[in-house]
Amino acid sequence: MRVFCVANQKGGVGKTTTAVNLAAGLAQIGQRVLLIDLDPQGNATMGSGIDKRALDPSVYDVLLESATVAEARHRSVKGGYDVLGANRELAGAEVELVGLERRNERLRGALKAAQADHDFVLIDCPPSLSLLTLNGLCSAHGVIVPMQCEYFALEGLSDLVNTIRQVHAKLNRDLKLIGLLRVMFDPRITLQNQVSDQLKAHFGDKVFQTVIPRNVRLAEAPSYGQAGVVFDPASKGALAYVEFAREMVARLGQPAP
Ligand code: ADP
Ligand code: MG
C-alpha cells in the first residue's frame with residue numbers, strides 16, 4: 001500500500017479534482033484505491049457520489065478512533081474505488097485532537113489495519129497546514145502538489161516545501177515530495193508557459209510530465225457525483241488524468257535513484 005497526500009495550502013487550485021480523478025484513473029487501470037477526504041467541505045466525498053450528510057461513521061470517527069477504516073469506508077460504485085468520507089463534523093476533530101496524544105498519527109495508525117486492502121491511498125487535504133493536513137502528511141509516503149502556472153504559484157510553493165521538509169525531519173522519515181502537477185493549464189497563455197518553464201528549471205523531474213488542461217467537463221462532473229474520468233472518459237481532462245495515473249504507477253515501479 002502506497003499513501004499519497006494531494007496538498008497545497010491554497011484553495012481552489014485543483015486538489016479535490018486531482019484526488020478524485022486520480023482515484024478513478026488508478027481504479028480504471030486496475031489498482032485498488034482508497035480516497036480519504038480530509039477536508040470538512042466534503043467535496044471529494046460528494047464528487048465521488050457519496051452523500052456527505054449520510055456518513056456515519058466518517059473519517060472523523062476514524063481520527064477519534066471510534067471506528068476503523070474498514071467500518072467507515074464507502075464504495076464509489078461508478079468510480080470503482082473506496083471513500084473515507086468527510087463532512088462539517090470533521091472541523092470539530094481539529095479542536096478535539098489538540099488535547100489528545102498521538103494527535104498527528106491517528107490516521108497513520110488507522111491505515112495500518114487496512115494495509116492489505118488497497119494498493120493506493122489518496123488523501124485530499126484541506127487548504128491549510130492544519131492538524132488535519134498534518135495527519136495526512138504523517139500517514140503518507142509522498143505528496144502530490146497540484147498547481148496552476150500563475151505568477152504567485154511559486155511563492156506559495158516554498159511554504160509547502162518547507163512544511164514537507166519539517167515533517168520529514170521530525171515526524172515522518174518516509175515523506176517526500178513526489179511531484180508538482182500542472183493543472184488547469186492553458187497553453188495559449190504566455191505567462192503559464194513561462195511559469196511552467198520556471199518550474200521545470202527549478203524542480204527538474206519533480207515536475208510530472210503529464211499536464212492537466214483546463215477543461216470544463218472536469219468542472220461539471222462533481223455535480224453529477226462522478227469523477228470527470230467516469231463522467232466523460234473521452235474529454236481531454238479525463239484522458240489527461242488517466243495518463244497521470246499511468247505516470248504515477250510507472251514512477252513507483254522504478255527503483256529508487
Ligand atoms: P481545491 O480542492 O484545491 O480547492 P478544486 O479541485 O475544488 O480545488 O478546484 C477548484 C475549482 O476549479 C472547481 O470548481 C473545479 O471544478 C475547477 N477545476 C479544477 N480543475 C479543473 C480543470 N482542469 N479544468 C477546469 N476546471 C477545473
Ligand atoms: Mg478541495
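The values are calculated or read from the model by the stated rules, or taken from the named source; none is laboratory data. Since the model is a prediction, treat every value here as computed from it, not as a measurement. Cβ: placed from backbone, ideal geometry, glycine included. Neighbour counts: every protein chain shown. For the accessible areas, the whole protein counts, side chains as well, though only heavy atoms, and no ligand, DNA or RNA atoms are used. Shrake-Rupley method; radii C 1.70, N 1.55, O 1.52, S 1.80 Å.
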**Q.** the chain - mean residue ellipticity at 222 nm from DSSP helices (-39,500 (n - 2.57) per run, n ≥ 4, rounded to 500)
**A.** -12500 deg cm²/dmol
Q: Would you check the chain for Lys pairs whose C-alpha atoms are within less than 23 Å, ignoring same-chain pairs closer than 8 in sequence, and give me the count?
A: 18
Q: Rounded to whole Hz and in sequence order, give me ³J(HN,Hα) for region 128-134 from the Karplus expression 6.51 cos²θ - 1.76 cosθ + 1.60, θ = phi - 60°, writing x for Gly and Pro.
A: 6, 9, 9, 4, 5, 4, 4
Q: Report, as a whole number in µm² per second, the diffusion coefficient that Stokes-Einstein gives for region 123-190 at 4 °C and 1.567 mPa s using the Kirkwood radius over alpha carbon pairs.
A: 100 µm²/s
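Compute, for the chain, the length of the dipole vector about the Cα centre, with Cβ point charges of +1 (Lys, Arg) and -1 (Asp, Glu) only. Units Debye, rounded to 20.
520 debye
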Q: Could you tell me the largest-minus-smallest coordinate of the C-alpha atoms of region 184-240 on each of the three principal axes, in descending order and whole angstroms?
A: 38, 22, 17
Q) What order do you get for 172-178, 106-112, 4-10, 55-61 when each peptide is scored by the mean count of other beta carbon atoms within 10 Å, highest first? A) 4-10, 55-61, 106-112, 172-178
Q) Where does region 149-257 land on Rg/Rh, using Cα atoms and the Kirkwood Rh? A) 1.01
Q) Hey, can you rank 222-234, 93-105 by average C-beta count inside 10 Å, highest first? A) 222-234, 93-105
Q: Determine how many Å³ per residue the convex hull of the Cα atoms of the chain encloses.
A: 115 Å³
Q: Please report the orientation-averaged projected area of region 36-81, defined via the convex hull of its C-alpha atoms, in nm².
A: 3.0 nm²
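Provide, as a two-decimal number, the C-alpha radius of gyration of region 19-111 over 2.2 N^0.38 Å, N being how many residues it has.
Expressed relative to 2.2 N^0.38 Å, the Cα Rg reads 1.06.
I need the Kirkwood Rh of region 102-144: take the reciprocal of the average 1/r across all distinct C-alpha pairs and report it in angstrom.
Over region 102-144, the inverse of the mean reciprocal pair distance is 10.9 Å.
Give me the Kirkwood hydrodynamic radius of region 77-208, using the inverse of the mean 1/r over all pairs of distinct Cα atoms, in Å to one decimal.
Numbers: mean 1/r = 0.0599 Å⁻¹.
Kirkwood hydrodynamic radius for region 77-208: 16.7 Å.
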Q | Mean-position separation - Cα centroids, region 137-180 and region 209-226, in angstrom | A | 23 Å
Q. Sorted by packing (mean other beta-carbon atoms within 10 Å per residue), highest first, where do 71-79, 182-190 land?
A. 71-79, 182-190
(Q) Is there a quick way to get the dipole size of region 138-228? I mean about its Cα centre, with the Cβ of Lys and Arg at +1 and of Asp and Glu at -1; what is the value in debye to the nearest 20? (A) 220 debye
Q.
Just the number please: accessible area per residue for region 107-257, 1.4 Å probe, all protein chains included, in Å².
A. 49 Å²
Q) Over region 99-177, what percent of the accessible surface lies on carbon and sulfur atoms, probe 1.4 Å? A) 49 percent
